[in-house]
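What follows is a single structure, written as structure tokens, with notes after it.
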Amino acid sequence: MLSAFRTAARPAISRAVARRTAAAVPTGVRFMSVPAQETFEEFTKRYVSFFQEAEDLFEVQRGLNNCFAHDLVPAPEVIEAAVRASRRVDSYSTATRIFEGIKAKVENEKQYQAYLDELAPLRKELGITLKEELFTSS
């Protein structure tokens, strides 16, 4: 009698297990959405407005970390906005480190010099002296 129950119940149990297993296995693949590619001009505009609105040192440094994490050298407009923001929150050291970040990001010394030349009026206005200028001026 017991063996008759086992044989009769086995198909019902296996159907229930199959239903539960099928419900646990995903039937389709979920694709992550691909973010829209941002142009260099949109990137520049976004970070200029970010630095213009930054209110404290943490925000400025967070924005710099995010900005420099991209595989590009930020435009001079972004650098100017970042330097002004760092001086606005009274962080001279952050302002000078921005230029060190540019030096690390550019491909060669000529590009770095082009940034320094373009941002020379800003550096003079805000009184920013770079490390290499301290040792060369006598």
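Calculate, for residue 132 and residue 107, the FRET efficiency according to 1/(1 + (r/R0)^6) with r their C-beta to C-beta distance and R0 22 Å; round to the nearest 0.05. List each step's numbers first, then the result.
Numbers: r = 18 Å, r/R0 = 0.83.
Working from the Cβ atoms, E equals 0.75.
Starting from the Cα of residue 41, move 7 Å in the Cα-to-Cβ direction to define the label point; list residues of segment 54-84 whose amide nitrogen is under 19 Å from there.
Taking a point 7 Å out along Cα→Cβ of residue 41, the residues of segment 54-84 whose backbone N falls under 19 Å are 73-79.
Coordinate-derived values only; no laboratory data. No experiment lies behind these values; they were computed from the predicted model shown. For neighbour counting, all protein chains shown are included, and Cβ atoms are generated from backbone atoms with ideal geometry for every residue, glycine included.
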